[in-house]
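Everything on this sheet refers to the single structure shown next.
A short reminder: the numbers here are calculations on the coordinates, not readings from a lab. Values in this document were obtained by computation on a predicted structure and should not be read as measured data. Here Cβ is always computed from backbone atoms with ideal geometry, including for glycine, and neighbour counts include all displayed protein chains.
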Amino acid sequence: MIFDILTLFPGMFAAPLRESILGKAVERGLIQTRVHNIRDFAHDKHQVTDDRPFGGGDGMVMKPEPIVEALEFLGNIGPPPRIILLSPQGRLFNQRIARSLTQASRLILICGRYEGVDERVAEYFTDDQISIGDYVLTGGELAAMILVDAVSRLIPGVLGNCASTEEESFTKPLLEYPQYTRPQEFRGHRVPDILLSGHHEAINRWRRGQALLRTRQRRPDLFAQLHATPEDIDLLREIDGRPTEQP
Ligand code: SAM
């Protein structure tokens with residue numbers, strides 16, 4: 001998978017793309033990341049990339065020409081891309097979207113700054129707009145890094161262990177069960193005995209119950225999407241004695 005990132009601040013990407021799992025994925029050629037400075041596509045003497053908003057108002061807006069020229073340049077090198085503008089007004093990013101983006105062989109990510117990008121870029125030159133949450137960042141760079149991270153770890157081979165994305169939160173509309181490691185007792189708090197029992201079936205049942213319970217407590221919106229089985233309902237009743245309201 002190739003990620004082409006368009007930004008006014010290429011330096012922001014150096015460490016996240018070099019370290020840890022992403023760094024290894026780059027080294028092993030499982031992902032390729034190319035960071036392009038939008039300013040390189042501005043042709044005037046001062047390489048201006050922003051201007052005042054038509055109609056007045058605070059702040060500056062990113063001009064369309066350098067971004068679209070960058071897209072045209074990139075369009076000519078490599079496989080056909082899916083072009084994504086990071087925007088707080090885009091569709092809300094989640095695990096399902098991350099998984100669907102792994103189907104693309106190349107993503108171009110446009111990072112806005114200031115008051116955002118001229119609306120014509122969003123309307124006529126992109127395939128998608130994605131928001132990472134209902135809050136406003138100073139720029140799209142952190143949002144792009146989040147997207148690259150979430151998508152990359154779903155690419156086969158990047159995590160090394162394919163099973164590890166199957167069980168985790170959001171793969172189904174369910175949060176993951178709690179995890180523990182050594183020591184068995186830490187400052188008076190013991191690991192649940194069942195996890196030390198070596199009884200795999202009982203451990204799996206306990207984990208399923210905990211995942212159901214914490215999803216119902218913490219994310220009722222997800223829980224409402226879950227098709228809980230009769231065994232799930234029994235399990236929840238066993239754990240907290242409450243009847244389970246299913247939608
Ligand atoms: N004026 C815009 C608005 O109110 O919708 C906000 C612009 S924001 C300060 C500048 C840039 O940061 C945006 O163009 C976008 O690229 C990025 N950005 C900010 N918040 C974001 C979010 N939640 N998700 C994705 N990108 C975001």
Original post:
Restricting attention to region 1-32, which residues are in contact with a helix residue (DSSP H, G or I) (Cβ under 9 Å, 6 or more places away or on another chain), within 21 Å of Thr102 (Cβ to Cβ) and assigned to a helix (DSSP H, G or I)?
Top reply: Phe13, Pro16, Leu17, Ile21, Leu22, Gly23, Ala25, Val26
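Of the residues Ile97, Ile132, only one is within 12 Å of the ligand (Cβ to nearest atom) and farther than 15 Å from Phe9 by Cα; which?
Details: Ile97 fails: within 12 Å of the ligand (Cβ to nearest atom).
Step by step, each of Ile97, Ile132 is checked, and only Ile132 is within 12 Å of the ligand (Cβ to nearest atom) and farther than 15 Å from Phe9 by Cα.
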**OP:** Pull up region 162-212, narrow it to residues that are aliphatic (A, V, I, L, M) and closer than 30 Å to Ser100 by Cα, then point me to the one that is surrounded by the fewest Cβ atoms within 10 Å (Cβ to Cβ).
**Re:** Ala163
Subject >> Output for region 129-160, where each listed residue is over 14 Å from Asn94 (Cα atoms) and not aliphatic (A, V, I, L, M) >> reply: Tyr135, Thr138, Gly139, Gly140, Glu141, Pro156, Gly157, Gly160
Original post:
For region 62-81, which residues satisfy the criterion of being away from the ligand (no atom under 15 Å from the Cβ), more than 11 Å from Ile110 (Cα to Cα) and in contact (Cβ under 8 Å) with a residue 40 or more places away in the chain?
Top reply: Leu74, Gly78, Pro79, Pro81
